[in-house]
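The structure appears below as structure tokens.
The values are calculated or read from the model by the stated rules, or taken from the named source; none is laboratory data. Everything numeric in this text was worked out from a predicted model, so none of it was measured. Quick reminder, even Gly has a Cβ in these numbers, built from the backbone with ideal geometry, and neighbours come from all protein chains shown.
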Amino acid sequence: MFCYWPKRKYHQGQNMKFMKRHGLTDTPVHRSWMSMRQRCNNPRDRAYKNYGGRGIMICQQWDSFERFLADMGIPEFGMQLDRCDVNGDYEPSNCRWATIKQQARNKRDTVLVEFNGKTKSLRDWADELDIKFATLYRRVILNGEPIFTALARRPMFNPRWHSR
């Protein structure tokens with residue numbers, strides 16, 4: 001025999017008060033919220049070791065999708081949930097909607113470099129100063145060149161590389 005019990009959500013402190021469903025179940029914002037909860041709370045999730053296993057937690061207010069949505073809003077197309085501090089918890093003050101490019105530069109292994117009073121990733125400095133990232137990486141990481149000289153020195157010009 002089939003028995004149907006509707007999903008019920010209750011307000012804290014109010015007995016048996018039903019909430020209306022949000023109607024966003026199969027949307028990117030809801031999938032982001034569900035994925036966040038899985039990787040932080042479910043030891044069987046393949047990403048758990050990098051999130052819940054490292055102690056990354058979700059603030060208690062975000063146990064409710066409606067509260068998460070109120071804090072974060074609906075993201076623009078192509079944006080994904082990102083933590084500003086990669087070692088911090090999921091909470092309103094540490095989360096944002098970010099592009100894939102922003103997320104790729106906000107990882108634990110990102111090399112941050114201070115130059116002229118500003119701190120940026122090595123890749124951001126390469127973009128800003130129009131130096132190939134591989135060149136900058138070789139200078140700073142592989143050759144151990146001081147950051148000031150590595151960023152100030154322009155790439156060598158070799159006519160053979162530019163003749164075609």
Checklist entry - Condition test on residue 96, is it within 30 Å of residue 128 (Cβ to Cβ) and in contact with a Cys (Cβ under 8 Å, 6 or more places away or on another chain)? => result yes
Checklist outcome for this item: Subset of segment 135-164, residues small (Gly, Ala, Ser), modelled with pLDDT of 85 or more and exposed (fewer than 12 other Cβ atoms within 10 Å of the Cβ), comes to 144
Checklist entry - Does residue 89 satisfy the criteria of being modelled with pLDDT under 90 and either touching a Cys at 6+ places or on another chain (Cβ under 6 Å) or of a type in the set (D, E, K, R) (or both)? => result no
Checklist entry - Yes or no: residue 44 more than 19 Å from residue 71 (Cβ to Cβ), in a loop (DSSP other than H, G, I, E, B) and either of a type in the set (Ser, Thr, Tyr) or at pLDDT 80 or above (or both)? => result yes
Next on the checklist: So residue 73 passes all but one of these: (1) crowded, with 17+ Cβ neighbours inside 10 Å; (2) more than 11 Å from the chain's Cα centre (by Cα); (3) in the same structural domain as residue 33 (by TED's automatic domain parsing). Which condition number does it fail?
Outcome noted: (1)
Checklist entry - Is it true that residue 123 is without any contact (Cβ under 8 Å) to a residue 40 or more places away in the chain, among the basic types (Lys, Arg) and either within 27 Å of residue 43 (Cα to Cα) or part of a loop (DSSP other than H, G, I, E, B) (or both)? => result no
Checklist entry - Taking the stated definitions as given, is residue 82 modelled with pLDDT of 90 or more, surrounded by 13 or more Cβ atoms within 10 Å (Cβ to Cβ) and farther than 30 Å from residue 23 by Cβ? => result no
